[in-house]
Amino acid sequence: MYYGYGYGYGYGMDMSYLILMVLTMVIGMAAQAYIQKTYAKWSRVPSPGGYTGAEMARRMLEHEGAGSVGIGHVAGKLTDHYDPRDNNLHLSEENFAGGSVASIAVACHEAGHAVQTARGYAPGRIRTAIVPVVNLTQQFWSLLFFAGIALQHAGLVQAAILLFGLTVVFHLVTLPVEIDASRRAVNFISQFGTQLDQQGSKEVLTAAAMTYVAAALSSILQLLYLLSRTRGSRRD
C-alpha cells in the first residue's frame with residue numbers, strides 16, 4: 001500500500017513514503033521488543049504474595065465494586081483483554097494460572113478496564129463506541145483511496161484520508177484508557193501486593209503503554225504524510 005499521490009494524478013511511491021514506512025516499522029518493532037523483554041523478565045519472578053493473576057484480578061474487582069465481572073481463559077500469549085460485551089476478563093493461560101509478578105500486572109491491568117466500565121469512565125465509553133466504526137473504516141478507507149486513484153477523483157482520495165483520520169482518533173483515545181487502567185492496577189497492587197509486585201507491575205505496564213504510544217505515533221505520522229501530499233498536490 002502506498003500514499004504518494006497528487007491531484008495531477010502522478011501517483012506513485014516516493015522516497016519520503018519509504019522512509020516513513022521504515023520509521024513506523026522500527027518504532028513498532030522497538031515497542032514490541034521492549035514489552036516482550038520486560039514481560040519475560042518479570043514472568044520469571046514469582047510474586048511473593050503467592051497469588052495467581054486470576055486470583056489477584058478477582059481481589060481487585062471485588063475491592064473496586066466490579067465483582068460481577070467474570071474471569072476466563074483465552075488462547076495465546078499476551079492475548080489478555082477485557083470484553084465489555086460479555087463483561088469478562090479473558091486472560092491467557094500463563095497470566096490466568098501463573099503466579100509471576102508479570103501475570104499479576106497484566107491481570108490487574110485488564111481488571112482496571114473492567115472497573116472503568118463499571119464506573120462509567122468516559123474515555124473508555126468513547127473508545128468502546130467507536131471500535132466498530134474504526135474496524136470498518138480500517139478495511140474500507142484503503143479501498144476508497146485506491147478507487148480515488150483509479151478514477152482520478154480527488155474527492156474520493158480526500159474522503160479516504162478523512163476515514164483514516166478516525167484511526168488516529170481511536171489511537172489517541174486509547175492512550176488515556178490504557179494509562180488509566182494501568183494506574184488503577186498499580187494503585188491496587190501498591191495497597192494489597194508486595195513491594196516487588198509494585199515495582200514489576202510499573203515496569204511491565206509502562207512497557208505495555210509504549211506499544212500504544214508507538215501505534216498512535218505511527219498513525220499520526222502517516223496521516224501527516226497524507227495531508228502533506230494533499231497540500232503539495234494542490235499547489236502543483
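Can you say whether A102 is in a loop (DSSP other than H, G, I, E, B) and at negative phi, as far as the supplied structure shows?
Details: in a loop (DSSP other than H, G, I, E, B): no; at negative phi: yes.
Against the criterion (in a loop (DSSP other than H, G, I, E, B) and at negative phi), A102 does not qualify.
Could you check, for segment 107-121, whether at least one of its residues is in a helix (DSSP H, G or I) and over 21 Å from G67 (Cα atoms)?
Applying the first criterion (in a helix (DSSP H, G or I)) to segment 107-121 yields 107-118.
Remaining after also requiring over 21 Å from G67 (Cα atoms): none.
Checking segment 107-121: not a single residue is in a helix (DSSP H, G or I) and over 21 Å from G67 (Cα atoms).
Is it fair to say F145 is at pLDDT below 85 and crowded, with 20+ Cβ neighbours inside 10 Å? Spell out how you get there, then give the answer.
Working: at pLDDT below 85: yes; crowded, with 20+ Cβ neighbours inside 10 Å: yes.
Answer is yes for this residue.
Could you check, for segment 137-154, whether at least one of its residues is under 16 Å from the mean Cα position of the chain (by Cα), part of a helix (DSSP H, G or I) and under 28 Å from M56 (Cβ atoms)? Before you say what the answer is, go through the steps one by one.
Going residue by residue through segment 137-154, those that are under 16 Å from the mean Cα position of the chain (by Cα) are 138.
Filter again for part of a helix (DSSP H, G or I), leaving 138.
Adding the requirement that they be under 28 Å from M56 (Cβ atoms) leaves none.
Looking for residues that are under 16 Å from the mean Cα position of the chain (by Cα), part of a helix (DSSP H, G or I) and under 28 Å from M56 (Cβ atoms), one finds none in segment 137-154, hence no.
Could you tell me whether V133 is of a type in the set (A, V, I, L, M, F, W, C), in contact (Cβ under 8 Å) with a residue 12 or more places away in the chain, farther than 15 Å from E64 by Cα and surrounded by fewer than 16 Cβ atoms within 10 Å (Cβ to Cβ)? Step through it out loud before you land on a result.
On the way: of a type in the set (A, V, I, L, M, F, W, C): yes; in contact (Cβ under 8 Å) with a residue 12 or more places away in the chain: yes; farther than 15 Å from E64 by Cα: yes; surrounded by fewer than 16 Cβ atoms within 10 Å (Cβ to Cβ): yes.
Yes: the conditions hold for V133.
From G200, G124, G165, which residue is buried (at least 19 other Cβ atoms within 10 Å of the Cβ), in a helix (DSSP H, G or I) and without any contact (Cβ under 8 Å) to a residue 60 or more places away in the chain? Give the steps one after another, and end with the answer.
Numbers: G200 fails: without any contact (Cβ under 8 Å) to a residue 60 or more places away in the chain; G165 fails: buried (at least 19 other Cβ atoms within 10 Å of the Cβ).
Testing whether each residue is buried (at least 19 other Cβ atoms within 10 Å of the Cβ), in a helix (DSSP H, G or I) and without any contact (Cβ under 8 Å) to a residue 60 or more places away in the chain leaves just G124.
So in segment 179-197, with the set limited to residues that are assigned to a helix (DSSP H, G or I) and of a type in the set (S, T, Y), which one is farthest from V168 (Cα to Cα)?
Start the filter on segment 179-197 by keeping residues that are assigned to a helix (DSSP H, G or I), which leaves 179-192, 195-197.
Subsequent filtering for residues that are of a type in the set (S, T, Y) retains 182, 190.
On the way: S182: 22, S190: 33 Å.
Here the answer is S190.
Within segment 175-193, how many residues are under 22 Å from S218 (Cβ atoms) and surrounded by 20 or more Cβ atoms within 10 Å (Cβ to Cβ)?
Adding up the residues that qualify gives 4.
With the requirement that a residue be free of Cβ contacts under 8 Å to residues at least 60 places away in the same chain, more than 27 Å from A215 (Cα to Cα) and in a helix (DSSP H, G or I), what does segment 18-56 give you?
Within segment 18-56, A54, E55 qualify.
Just to be sure I understand, how many residues within segment 50-75 are small (G, A, S) and closer than 16 Å to A185 by Cα?
First pass over segment 50-75, keeping only residues small (G, A, S): 50, 53-54, 57, 65-68, 70, 72, 75.
Narrowing the set further to residues that are closer than 16 Å to A185 by Cα leaves 53-54, 57, 65-67.
Here the count works out to 6.
Out of segment 64-85, which residues are loosely packed, with under 13 Cβ neighbours inside 10 Å, at pLDDT 95 or above and touching a strand residue (DSSP E or B) at 6+ places or on another chain (Cβ under 7 Å)?
Across segment 64-85, the qualifying residue is only G72.
The values are calculated or read from the model by the stated rules, or taken from the named source; none is laboratory data. If you're wondering where the values come from, they're calculated on a predicted model, not measured in any experiment. Glycine also receives a Cβ, built like all others from the backbone with ideal geometry; neighbour counts cover every protein chain displayed.
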